[in-house]
Amino acid sequence: KTVPEVKSVFGKMGRAQTATDPAPLSMVETIIQFKPQSQWPAGVTKADIRKQLEQRVKLPGLTNAWVMPIKTRIDMLSTGIKTPVGIKVSGPDLAVIQNIGAQLEQILPSVRGTASVYAERVAGGRYIKIDINRDKAARLGLNISDVQNVVRTAIGGMNVTETVEGLERYPVNIRYPRAWRDTVSTLRQLPIVTGRGGHIILGDVATVTITDGPPMIKSEGARLTGWTYVDITDRDVGSYVAAAQKVVADKLKLPPGYALTWSGQYEYMQKAKENLKLVVPFTILLIGFLLYLAFRSFSQVLLIMGTLPMALSGGLWLLYLLGYNLSVAVAVGFIALAGVTAEIGVVMVVYLNQSVGSYLEQCENEGLKPVYEGVREAVRNGALLRLRPISMTATAIIAGLLPVMFGGGTGSEVMRRIAAPMVGGMISALLLTMLMLPAAYLLWEWWHIERKHR
């Protein structure tokens, strides 16, 4: 709260009694709310505030992971990982899994972009173990179930009824007082009534000790699993994981029967890449198919599809200048850009066809042979007729997206990455399409005319 841009801070430890809150006891959540950005000093960004917080919040035994609350909760529910990158170590022995996680904590900080690494301690918990002696219990007329019922109800508690207070209902739980169950010695003295009415203590039929065990047991695919959380900064997830996998493969020797699985946002990225491998080619093929239905000419379809790289170049340059990484939002922006660019190409080719067609029809009516200068002039006239409409289309699209590019608020980070490829692509598409498409059309049409009149 000493950082001037911070408005409020709320801390939470443990988890609520709900299936939507999978936080372990070792997870300490601190939700930080900022003041309105208008009250920040000029030039200060969230990244700058994060650096200040990272310098001030350094607690022994704790590792910081700076993430968005709602997004993190969704990630935890879907993959279990609360950081951008997570490593799941699976195998038969929890102690070995914890040792592998400790090695990852030592190895990964050497990878560029690592902000923090924390491996969950899957061993090291402390438990009270009540080992029932079957022979002693049998001599006293007790079976295992009788002793376990006393332990379950007297120590753990049991709901015996429910009280109704107006519209509210409250369970009534019964168990021994805390003073009778707060130490191992008092637990040994818990009274038990036998079936014959005799009074004995728990220590007569069971051994009560404190033993080590796992604080939380995770399993995936019927195998014990330990998680390592990796927070990254100043680097995209894909390149970081590629570099981290190489370093881990070189420096970590896994025992037989153990495996590593990379999860978190990286898992989403891999799924998105697989989907985009299908969506992007399908989109391009669909655009080409619709163009062929409109023009019935493969050559003109190729001319229009040739404008797509021109638009993509401008989008890539703007992404580079803004420092954006390739993501699903960026891919969506490029897909939308492809459709708009094809539309501009269609408008241009339609008027070029009309202009050149009028010239060729005039030559045929007058019995003249088409000449290169005439075709060139027809192409030039057709391109000039579409200069203003295409310019207006590109300008309207860019002007409509500029508020998204420079706006703020919830979701602006994603929307900017969708808009950036379209803004940069429309600029390059406007310039290159107006210059190169008519030139390419002229060369192809003149070659076609010469071949026809040979």
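Only Cα pairs under 8 Å and 6+ residues apart enter the sum, and on that basis the relative contact order of the chain stands at 16 percent. Farthest toward the dipole's positive end in the range 240-389, which of 270, 289, 355, given Cβ charges of +1 (Lys, Arg) and -1 (Asp, Glu) about the Cα centre? The residue sitting farthest along the positive end of the dipole is 270.
Assuming charge only on the beta carbon of Lys and Arg (+1) and of Asp and Glu (-1), the dipole of the range 57-200 about its Cα centre is about 240 debye to the nearest 20. All Cα-Cα separations within the chain were binned at 20 Å from zero, giving a P(r) of 17, 33, 27, 15, 6, 2, 0, each value a whole percent of the pairs. Within the full protein context, the accessible area of residue 153 is estimated at about 40 Å² for a probe radius of 1.4 Å. A 1.4 Å probe, protein heavy atoms only, puts the accessible area of residue 251 near 130 Å². Farthest toward the positive end of the dipole of the range 1-118, out of 113, 27, 8, is the Cα of 8, where the dipole comes from beta carbon charges about the Cα centre.
Surface exposure of the range 265-346, expressed per residue as accessible area with a 1.4 Å probe, stands at 57 Å².
On the basis of the beta-carbon distance and an R0 of 22 Å, residue 140 and residue 175 show a calculated FRET efficiency of 0.45.
Report note on the peptides 56-63, 225-232, 301-308, 369-376: ranked by the mean count of other C-beta atoms within 10 Å, highest first, their order is 225-232, 301-308, 369-376, 56-63. In this rough spin-label picture, where each label sits 7 Å from Cα along the Cβ direction, the residue 27-residue 380 distance is 6.9 nm. Across the range 59-196, the relative contact order, built from alpha-carbon pairs under 8 Å that are at least six residues apart, equals 14 percent. Within the accessible area of the range 401-453, the carbon and sulfur atoms contribute 72%, probe 1.4 Å, all protein chains present. Segment residue 413..residue 7, full-extension length gain: 144.0 nm, with 0.36 nm per residue of separation and the alpha-carbon distance subtracted. Extension gain, residue 451 to residue 105, is 117.5 nm, computed as 0.36 nm per intervening residue step minus the present C-alpha separation. Measuring from centroid to centroid over Cα atoms, what is the spacing of the range 339-371 and the range 74-130 in Å? The two parts, judged by their Cα centres, are 66 Å apart.
Subtracting the Cα-Cα distance of residue 189 and residue 368 from 0.36 nm times their residue separation leaves 52.6 nm of extension gain. When both the range 143-211 and the range 221-292 are represented by their alpha-carbon centers, they are found 50 Å apart. With all protein chains in place and ligands, DNA and RNA left out, the 1.4 Å accessible area ranks 343, 364, 450 as 364, 343, 450, largest first.
So for the chain, taking the charge dipole from beta-carbon charges (+1 Lys/Arg, -1 Asp/Glu), which of 405, 76, 279 sits furthest toward the positive end? Result: 76.
Dipole magnitude of the range 245-358 about its Cα centre, charges +1 at Lys/Arg Cβ and -1 at Asp/Glu Cβ only, in debye to the nearest 20? The calculated dipole for the range 245-358 is roughly 320 debye.
Given R₀ = 60 Å, what would the calculated FRET efficiency be for residue 162 paired with residue 290, taking r from the Cβ atoms and rounding to 0.05? The computed FRET efficiency comes out at 0.35. Gyration tensor analysis over the Cα atoms of the range 200-264 returns equivalent ellipsoid semi-axes of 42, 15, 11 Å (largest first, whole Å).
In the range 276-327, the alpha-carbon atoms span a convex hull of 72 Å³ per residue.
The values are calculated or read from the model by the stated rules, or taken from the named source; none is laboratory data. Source: prediction; values computed, not measured. Heads up, the Cβs are rebuilt from the backbone with ideal geometry, glycines too, and the neighbour counts pull from every protein chain shown. Accessible surface is based on the protein model in full, side chains and every heavy atom, while ligands, DNA and RNA are left aside. Shrake-Rupley method; radii C 1.70, N 1.55, O 1.52, S 1.80 Å.
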